[in-house]
1. With the condition kept exactly as written, say whether any residue in segment 163-175 is under 21 Å from ILE107 (Cβ atoms), buried (at least 16 other Cβ atoms within 10 Å of the Cβ) and among the charged types (D, E, K, R).
2. So, ASP165, is that one within 14 Å of the ligand (Cβ to nearest atom), acidic (Asp, Glu) and under 17 Å from the mean Cα position of the chain (by Cα) or not?
3. Need pairs with beta-carbon distance below 7 Å; first residue open to solvent by 70 Å² or more (accessible area, probe 1.4 Å) and within segment 194-216, second assigned to a helix (DSSP H, G or I); sequence gap 6+ or separate chains.
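The values are calculated or read from the model by the stated rules, or taken from the named source; none is laboratory data. Just so it is clear, the model here is predicted, and its values are computed rather than measured. Glycine gets a Cβ as well: all are built from the backbone with ideal geometry, and neighbour counts include every protein chain shown. When the accessible area is computed, the model is the full protein with side chains, heavy atoms only, and any ligands, DNA or RNA have been set aside. Shrake-Rupley method; radii C 1.70, N 1.55, O 1.52, S 1.80 Å.
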Amino acid sequence: MNIIIFGPPGAGKGTQSDFIVKKFKLFQLSTGNLLRDEIKKKTQLGLEINKEINSGNLVSDKIVGKLVENFLSNTNYKNKIIFDGYPRNLSQANDLDKLLIKYEQKIDLALNLKTDIEIIKKRITGRYSCNKCGKIYNKFFNPHPKNNNCCSGEFLNKRGDDNIDVAIKRFNTYTKETSPVLDFYKKKKLYKEINGESSIDQIYKEISDIIAVIEA
Ligand code: AMP
């Protein structure tokens, strides 16, 4: 089963993907994470990507498309992918359709975590993660556990693009570029919407229920 998870930046796509990947034995394809890995390599390409991300823009379809094709062409992941943060515009949705045909795969579900800008502001400005294990936390909703050797001071890290101005820009980019993609999947009858403002546990339960029905 291949699933796409939509939602504005900070809606909880990464957090939910982590859970879903474990429960349903899927592999997460987070274009944001792949792009950040490229930045860590400190290549020329990484520097260009960093500039785009930190100004709240989308990275070019060509760069992102290459990362996605690398992932899709790996037979270990065939029909076991959760797409987190891709496709983000209509041209990427069309690219993905072509790649799915090329690698003989299909999308089974497009889930949208619908979330309002006011919640997004708190989610993004409060967000931090553990550099070592990758767990995502939030100062307002989900702080890291105390006395945890892994997720303690030295490994906690805030993303460069998680500040209020960039958050608003990213939300607006999402509304303009990504909202039309939702209609693309509505037309394919693959679209389901979830209230992204519910608790992490509630959202996880709703997503799990939807996937279980599809798997049955
Ligand atoms: P995310 O981790 O999904 O919030 O993505 C962080 C940033 O990476 C976005 O604000 C974009 O600048 C860039 N990015 C992630 N996925 C894509 C994509 N599919 N297309 C273009 N840019 C992307």
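1. No, because not a single residue in segment 163-175 is under 21 Å from ILE107 (Cβ atoms), buried (at least 16 other Cβ atoms within 10 Å of the Cβ) and among the charged types (D, E, K, R).
2. no
3. GLU197/ILE119
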